[in-house]
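Below you'll find the structure, written out as structure tokens, and then a few comments.
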Amino acid sequence: MIAPQSIQEVLNRADILEIVGQFVRLKRRGANHIANCPFHSEKTPSFYVSGSKGIYKCFGCGKGGNVVTFIQEHEKLTYPEAIRWLADFYKIALEETERSPEQAQQQKTEESLRILNEFAAKYFQSFLLEQEEGISIGLSYFKQRGFRKETIEKFLLGFCSEAGDAFYTKATQSGYQTDLMEKAGLVKNRNGSHYDVYRGRVIFPIQNMTGRVLGFGARILKTNERAPKYINTPENELYIKSRVLYGIYQSRQAIGKLDECFLVEGYTDVISLHQGGVENVVASSGTSLTEEQLRAIGQLTKNLTILYDGDAAGIKAALRGLDMALAQSFNVKLVLLPEGEDPDSFIQKSGATKFHEYVKDKKQDVISFRLQVGLKEIGTDPVAKSKLVNELAESISKINKAEDFSLQDYYIRETARKLDVEEAGLINLVNKFIRDRIEQDRRQTSREEKLPEPAITPEITDEPNAENEHEKNYAQEWELIRVLIEHGEKPFEGFENVADLIQQRVDPDLLESAMVKEVYNAYFSFKAQQGTFPPIGYFTNFPNKAVTEQMATLLHTRNEISHNWSKMYGIETLSGDLNFINEAESALTYFEVKSIVQMQALLTERLRNERDEAKITLLQRKMLELKQAEAEIVRKHGTVILKMMRKG
Ligand code: ZN
């Protein structure tokens, strides 16, 4: 984690005009600067930046925020990633907190590999563009593939000399350690002397979402050698194959803007499509899609279109990732390219317009695609047919979440007709898969619910909701809601405000009252959607009448509970306006303790059933940590609170 003082340093330093100016051309207008919005297409500027206030706002698409949200939105990054991006930009060294020695070591290695990789990428690129050998062999290969210079530069393509140790010598002279070069997969040791692994190959650097070079793909140019066509970076601290998506850096903005991601197989497919004007494309590099890759794409879009050439290997690889994509609510389409074409050859022949027409015309959903491929495969084999029926029924059962029911109906009819099976039977099968999944979910939930119930009702005599039979046990949960509604927007040290504090510190799963959960969720979704705090009236006029009533009681009996609660575990009462700090803290302490008690019960249960020595040690260590956390709270607030939680 990045230390708060480092975040503050970045925030103090970051100048919104300078940062936004990296991406759009700003013109001064009065106190503000304006530009064409980078987040939607427009001809006349409606994107305003205020340097003095440190904010931007687009009156066209509504996007707005501060310098960090701008980088998050524009570069498609999470908050910490955006902070790191800004720190890189201003050359601010970030301090990290809460790192174990192992984490620190891992990060150090990652960082060293990254620096070495960036050095190597630059070296290979300049070798390709400036050295005679690079130009005559590497560059002429890329030219022959039809790549233009700006494309070659955009993808940092390079060439490694055939000399054998040219890179090794250069990197050593520049102070890089041999063992790091070996770890990075750039050099190898043979009988005590080192040679370049990629010698005589063209180089495709592989970058992550933020442009960092994670590793390389290197393609052989000579055809008469028995060496593999491509060599890739071995798995190391930085290069983790299951997370790599080739082209994500160059494509991330187009994917976001067009709200669609094309998936292809190879590096050259991605590069050719870019050069042809299709810039929303990544490659999975031959493997079937992994969950991590899907998550990365899912940050940008939920519309995934897989382009595959007709050879069977490609189709099989495509099919393997699909159920996972469906389960992650992706809207997956497939496009089978014309016989004998891959995306690279197809775009070069047809150009972008024809390419888009073809894709639009041939786009198939997963079920139709499977049906088509499956029908070809099964022939007259009844066993293969029944297997296919089962597989399709399972896939159809998954659609109900991602798309809609009429579509599910449609697929059932289509599948039944094309496979010549009874519709009613197929419906039963689909329903069975749905039921199985629900049952599985239910078992999962009930496992979680079987935790020994902590007593959550402190003895508070003047508890205000006593007359409400259904909600009477949830006094502390309602107290949290009251603090949230009454004090949500007040500043709180270390957080943006009280609402932020509550959102970060209270796991909503700890809320047991369905009504409380409803209000809690409504509060934060209002805040997320409107960008402002919901007014009290929003809850006193809530559609759910029971909530409205509860709210009226709650807001009229202010402070009753928290005063009692505070008394019991000895939080001093602050006077006047600052009392909300106590109230927020006491409401949170309840949930903190509750979570510890639940975890302890869970661990005790697991310890009772565990036979594996190593796991027992691990669980005991975890238990010790919880005991320490508990001790900390007791030290702060006395034992009464724990006794209360354990009662019953
Ligand atoms: Zn806009």
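Write out the trypsin sites (Lys or Arg not before Pro) in region 111-148 meeting two conditions: DSSP loop, and at most 11 other Cβ atoms within 10 Å of their Cβ.
Sparse-neighbourhood loop trypsin sites (Lys or Arg not before Pro): Arg148.
First measure r as the distance between the Cβ atoms of Glu414 and Tyr538, then evaluate 1/(1 + (r/R0)^6) with R0 = 51 Å and state the FRET efficiency to the nearest 0.05.
0.65
I'd like the GluC sites (Glu not before Pro) in region 75-110 restricted to DSSP loop residues with at most 16 other Cβ atoms within 10 Å, sorted by number. All intermediate terms of the calculation are to be shown ahead of the outcome.
On the way: sites: Glu75, Glu81, Glu95, Glu96, Glu98, Glu102, Glu110; in loops: Glu95, Glu98.
Filter output for region 75-110: Glu95, Glu98.
With r defined as the distance between the Cβ atoms of Arg621 and Asn579 and R0 fixed at 45 Å, what FRET efficiency is calculated, to the nearest 0.05?
0.70
Could you grab the Rg to Rh ratio for region 160-221? Cα atoms only, Kirkwood for Rh.
0.98
Can you pull the Kirkwood radius for region 33-123, inverse mean 1/r over Cα pairs, to one decimal in Å?
Kirkwood hydrodynamic radius for region 33-123: 15.8 Å.
Using mean Cβ contacts within 10 Å as the protection proxy, how do 155-167, 288-300 order, highest first?
Top of the packing list down: 155-167, 288-300.
Taking 41 Å as R0, compute the FRET efficiency from the Cβ-Cβ separation of Glu110 and Thr380 and round it to 0.05.
The value I calculate is 0.15.
On average over all directions, what projected area in square nanometres does region 1-69 have, based on the convex hull of its Cα atoms?
So the Cα hull casts an average projection of 5.1 nm².
Roughly speaking, to the nearest percent, how much of region 4-89's 1.4 Å accessible area is carbon and sulfur?
49 percent
When each pair of different Cα atoms in region 1-155 is counted once in the 1/r mean, what is the Kirkwood radius in angstroms, to one decimal?
Details: mean 1/r = 0.0534 Å⁻¹.
Result for region 1-155, one decimal place: 18.7 Å.
Any idea of Tyr308's accessible area? Nearest 10 Å², probe 1.4 Å.
Roughly 10 Å² of Tyr308 is accessible to a 1.4 Å probe.
Counting only residues 5 or more places away or on other chains, whose amide H sits under 5 Å from the amide H of Asp165 once H atoms are built in the peptide plane?
It is Asp196, by chain and number.
I'd like to check one number: the per residue accessible area of region 4-89, probe 1.4 Å, reported in Å² as a whole number.
That works out to 54 Å² per residue.
In whole Hz, what ³J(HN,Hα) sequence does region 252-264 give by Karplus (6.51, -1.76, 1.60; θ = phi - 60°), x for Gly and Pro?
4, 6, 5, 4, x, 5, 8, 6, 7, 10, 8, 10, 10
With the radius of gyration and the Kirkwood radius both derived from the Cα set of region 121-209, what is their ratio Rg to Rh?
Details: Rg = 13.4 Å, Rh = 13.5 Å.
Radius of gyration relative to Kirkwood radius: 0.99.
Mind listing the long-range amide H neighbours of Ile2? Cut-off is under 5 Å, sequence gap 5 or more, other chains count too, H placed in the peptide plane at 1.01 Å from N.
When sequence neighbours closer than 5 places are left aside, the close amide H contacts are Thr97.
For region 69-195, count the residues as N, evaluate 2.2 N^0.38 Å, and divide the Cα radius of gyration by that value, please.
Taking N as the residue count of region 69-195, the ratio is 1.32.
Averaging over all projection directions, find the projected area of the Cα convex hull of region 183-274 and quote it in nm² with one decimal place. Write out the running numbers ahead of the final one.
Working: hull surface 29.2 nm².
Its average projected convex-hull area is 7.3 nm².
The values are calculated or read from the model by the stated rules, or taken from the named source; none is laboratory data. Predicted, not measured: the structure shown is a model, and the values here were computed from it. All Cβ positions, glycine included, derive from the backbone under ideal geometry; neighbour counts span all protein chains shown. Side chains included, ligands, DNA and RNA excluded: accessible areas come from the protein's heavy atoms. Shrake-Rupley method; radii C 1.70, N 1.55, O 1.52, S 1.80 Å.
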